[in-house]
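Peer 1: Take this structure first; my questions come after.
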Amino acid sequence: MNILVIGSGGREHALCRKIAQSPLVDTLYCAPGNGGIADSATCVALDASDHRAVIEFCREMMIDFVVVGPEAPLVAGLVDDLTAEGILAFGPTKGGAQLEGSKGFTKDVCAKYDIPTAAYGRFGSADEAKAYVTKQGAPIVIKADGLAAGKGVILADTVAEAHAAIDDMFDGAFGDAGAEVVVEEFLTGEEASFFVLCDGENTLALATAQDHKAVGEGDVGPNTGGMGAYSPAPVMTDDLCNRVMREIIEPTVKAMADMGHPYRGVFFAGLMITADGPKLIEYNCRFGDPECQVLMRRMHSDIVPLLVASAKGELAGKTVEWSDEKALTVVMAAKGYPGSYNKGEDLSGLKAAERETGVAIYHAGTKLTEEGMLVTNGGRVLNITALGATVSEAQETAYKAVDIIRWPGGFCRRDIGWRAVEREKVDA
Ligand code: AMP
């Protein structure tokens, strides 16, 4: 098969390396890709928002299968347009991607199908939203309805803070994404992510992970796209996974089919494990970044037949094999991130770090200069991804590799995986 992956981050680098291992692949392309992805795919300068250009490229290069990495092209209907042209693609249609594209849509699905989630209200004006907050009290959660690159969620400790967040959203702080606002009950518990493939009707549970959103050690400071992750999530026992399948995923599959949007692609369920059991915080309609990196490190099975089966409606009876080892990824970011930061800084020592420690370094924000030098090209730059018998072991290996990389303008959190490491200490 000739395969095209859409995207340019660490998630797509991990997907490309995994897909490239499949004996089913003839040629692998990635659009636009990055400085690292070039090790496993031919990078092509295609703009994914130009669906016509993507379709023409697929025709010219005889692409058999397109794997869409990020949410924006899914929400924009790239899979619908490819399908209409007879090109097989992995990922939900625009209708399916509403699960990520509109938080209010997902909350209404949960309400109608009795899926456990935080109590909520949907509002189209600041006055109504503020009145609801005043009635509910704080702490409370304010969310922009649409896509806001992970930044449209405010956890407000006081009613005043919540009111200010509502005003900001209706004043356009998140653009169109904040034209409608969801106000939610504040949930407490441990968070985990659960990944499940779906073909419109059948599901295949993949694996669990936990990530660190905050920029600072101890999970403090502003939220980022993710500073690290590990898999599996110790909190997600087999019993809990079965319960999430039964109470959250399966009713969602039914809801989407009932509404005429049979869901094909991956469910990335963000969960809060509360004292009352698992509750859905949100759905994403694609693999997580950096969660995908730890999943791909642990997956033994060939991923290509699984993605194809999801796209074709042929998941029934499929299975997936995982390594028993734990995987952990540390994100190296440019100093200043998630605020402003420099680009174009030299990176070196990557090959030595991979060779000496056995880690996989996925590139999130790099590019090759015309002279062939590897330089930084984003906020999150490298994902140092290690395997180990325990999370502690994977963590130690990852940081050994971090210390071999030479990039004075970069930083990382030194405590990725701390919850799991603490648990392992107690268990030992
Ligand atoms: P989201 O983009 O919806 O995943 O929200 C980002 C982060 O905000 C989540 O990973 C949670 O840590 C937190 N969060 C979102 N909704 C809630 C909630 N209802 N209660 C407590 N924390 C929440």
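The values are calculated or read from the model by the stated rules, or taken from the named source; none is laboratory data. Quick caveat: nothing in here was measured; it's all calculated off a predicted structure. Cβ placement follows ideal geometry from the backbone for every residue including glycine, while neighbour counts extend to all protein chains displayed.
Peer 1: Pick out the one residue from D289, D239, D219, D211 that is closer than 30 Å to V426 by Cα and modelled with pLDDT under 95. It would help to see each step written out before you state the result.
Peer 2: On the way: D289 fails: modelled with pLDDT under 95; D239 fails: modelled with pLDDT under 95; D211 fails: modelled with pLDDT under 95.
Result of the check over D289, D239, D219, D211: D219.
Peer 1: Now, a different point. Looking at E321, is it modelled with pLDDT of 95 or more and either away from the ligand (no atom under 16 Å from the Cβ) or touching a Cys at 6+ places or on another chain (Cβ under 6 Å) (or both)?
Peer 2: Yes; evaluated as a whole, the condition is true for this residue.
Peer 1: I'm checking my understanding of the structure. Among residues of the stretch 266-318 that are touching a residue at least 24 places away in the same chain (Cβ under 8 Å) and hydroxyl-bearing (S, T, Y), which one is farthest from the ligand (Cβ to nearest atom)? Talk me through it step by step, then tell me what you get.
Peer 2: The first filter runs over the stretch 266-318 and keeps only residues touching a residue at least 24 places away in the same chain (Cβ under 8 Å), leaving 266-299, 302-316, 318.
Going one step further and asking which of them are hydroxyl-bearing (S, T, Y), we end up with 274, 283, 310.
Numbers: T274: 9, Y283: 9, S310: 23 Å.
Result: S310.
Peer 1: Of all the residues that make up the stretch 389-428, how many are in contact with a Pro (Cβ under 6 Å, 6 or more places away or on another chain) and surrounded by 17 or more Cβ atoms within 10 Å (Cβ to Cβ)?
Peer 2: 1
Peer 1: Within the set of pairs 6+ apart or on separate chains, which have a first residue in the stretch 390-405 that is over 16 Å from M227 (Cα atoms), a second that is in a helix (DSSP H, G or I) and of a type in the set (D, E, K, R), and C-beta atoms under 6 Å apart?
Peer 2: Short answer, once both residue conditions are applied: T390/E424; S392/E424.
Peer 1: Okay, next question. Scan V330, V294 and give me the residue that is surrounded by 21 or more Cβ atoms within 10 Å (Cβ to Cβ), under 14 Å from A207 (Cα atoms) and at pLDDT 95 or above. Break it down into steps so the answer makes sense when it comes.
Peer 2: Working: V330 fails: under 14 Å from A207 (Cα atoms).
Being surrounded by 21 or more Cβ atoms within 10 Å (Cβ to Cβ), under 14 Å from A207 (Cα atoms) and at pLDDT 95 or above holds for just one of V330, V294, which is V294.
Peer 1: Same structure, new question: Does the stretch 271-292 hold any residues that are closer than 21 Å to P116 by Cβ and of a type in the set (D, E), and which are they?
Peer 2: D276, E282 - these are the residues of the stretch 271-292 that are closer than 21 Å to P116 by Cβ and of a type in the set (D, E).
Peer 1: Please verify whether D108 is closer than 30 Å to A360 by Cα, surrounded by fewer than 21 Cβ atoms within 10 Å (Cβ to Cβ) and without any contact (Cβ under 8 Å) to a residue 40 or more places away in the chain, treating the condition exactly as stated.
Peer 2: Taking the combined requirement at face value, the residue does not satisfy it.
Peer 1: Among the residues of the stretch 132-145, what is the count of those that are charged (D, E, K, R), more than 10 Å from the ligand (Cβ to nearest atom) and outside any loop (DSSP other than H, G, I, E, B)?
Peer 2: 1
Peer 1: Continuing with this model, one more query. For T397, state whether it is over 21 Å from the mean Cα position of the chain (by Cα) and within 16 Å of T357 (Cα to Cα).
Peer 2: Against the criterion (over 21 Å from the mean Cα position of the chain (by Cα) and within 16 Å of T357 (Cα to Cα)), T397 qualifies.
Peer 1: Sticking with this structure for a sec: Take the stretch 250-286 and flag every residue that is among the hydroxyl-bearing types (S, T, Y), surrounded by 16 or more Cβ atoms within 10 Å (Cβ to Cβ) and out of contact with any helix residue (DSSP H, G or I) (no Cβ under 6 Å at 6 or more places or on another chain).
Peer 2: Applying the first criterion (among the hydroxyl-bearing types (S, T, Y)) to the stretch 250-286 yields 252, 263, 274, 283.
Remaining after also requiring surrounded by 16 or more Cβ atoms within 10 Å (Cβ to Cβ): 252, 263, 283.
Of everything in the stretch 250-286, just one residue is among the hydroxyl-bearing types (S, T, Y), surrounded by 16 or more Cβ atoms within 10 Å (Cβ to Cβ) and out of contact with any helix residue (DSSP H, G or I) (no Cβ under 6 Å at 6 or more places or on another chain), namely T252.
Peer 1: If I filter the stretch 240-292 down to residues being in a helix (DSSP H, G or I) and under 26 Å from L82 (Cα atoms), which single residue comes out as nearest to the chain's Cα centre (by Cα)?
Peer 2: For the stretch 240-292, the residue satisfying everything is C292.
Peer 1: Please specify each residue of the stretch 308-348 satisfying the condition of being of a type in the set (S, T, N, Q) and not in a loop (DSSP other than H, G, I, E, B).
Peer 2: S310, T329, S348
Peer 1: (1) assigned to a strand (DSSP E or B); (2) under 13 Å from F267 (Cα atoms): which one isn't true of P222, the others all being true?
Peer 2: (2)
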